[in-house]
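**Q** The structure that follows is given in the form of structure tokens.
Readers should treat all values here as calculations from the given coordinates under stated rules, not as data from a laboratory. From a predicted model like this one, the values you see are computed outputs, not experimental measurements.
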Amino acid sequence: MSTIYILWLRQLKRYSRSRARIIGSLGQPLLFLVALGFGLNPIYKKAGAGNYIEFLAPGIIAMGVLFSAVFSGIEIIWDRQFGFLKETLVAPTSRIYIMIGRTLGGATVASFQGIITLLLSLLIGFRLENIGFLPVTLAFIFLIALLFTAFGTAIASVLEDMQGFQLIMNFLVMPLFFLSGALFPLQGLPEALKIVAQIDPLSYGVDALRITLVNISHFGLFTDFLVLGVITILILIVGSYLFSRIQI
């Protein structure tokens, strides 16, 4: 357990020292909130759907978590290339504990990104429907972060090239985001897109944040929790197996 704590703490120290990373990671969510939120809000209101910023903000919060969580896996490749990973793996402790510690650290960092994005949303006009659900919102933010950090770790465990990791992640992450309903309602979509959205795990994360923040639901909170929980467990198991097979 001490190994898990040490690696978790190490991830937090990395994050706190990289101010450029913190500022840079907030640029994209802020751009989406301002450009799309204010740009499409008049059209959204004319369609009788209400305030688009209130609809958009939960999806952008999920986006901030997703990108930070998934790309935390690149640190494994970085550590492998510079020899830091070898020093960790030869330690007299289980690799599963190492993987869990790194994943919890990355998930905590990604959760901070989501919380900061939430605060930015409040600054540009987003309003919570029920502040009493805020602890549930934070729990779902961490669950989303845990899922996609484990996913990024699993992918990074089988790759040795940073450019290859970035290409694969962009190929996977952009569809996950754009097809999750983060930018548009899932009601009334063509059947093919509905099926894709139902397969996309981020759809349930976005839906959970919308329920807890603005009381808009598509799947239902219990379904969101069940799907995210089951997929997170499965990805953690697969990620632990792949991480344990890393050759040093």
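**Q** Alpha carbons only, please: Rg and Dmax for region 164-219, in angstrom.
**A** Over region 164-219's Cα set, Rg and Dmax evaluate to 12.2, 40 Å.
**Q** I'd like the Karplus ³J(HN,Hα) series for region 140-146: coefficients 6.51, -1.76, 1.60, θ = phi - 60°, whole numbers in Hz, and an x wherever there's a Gly or Pro.
**A** Rounded to whole hertz, the list is 5, 4, 5, 5, 4, 4, 5.
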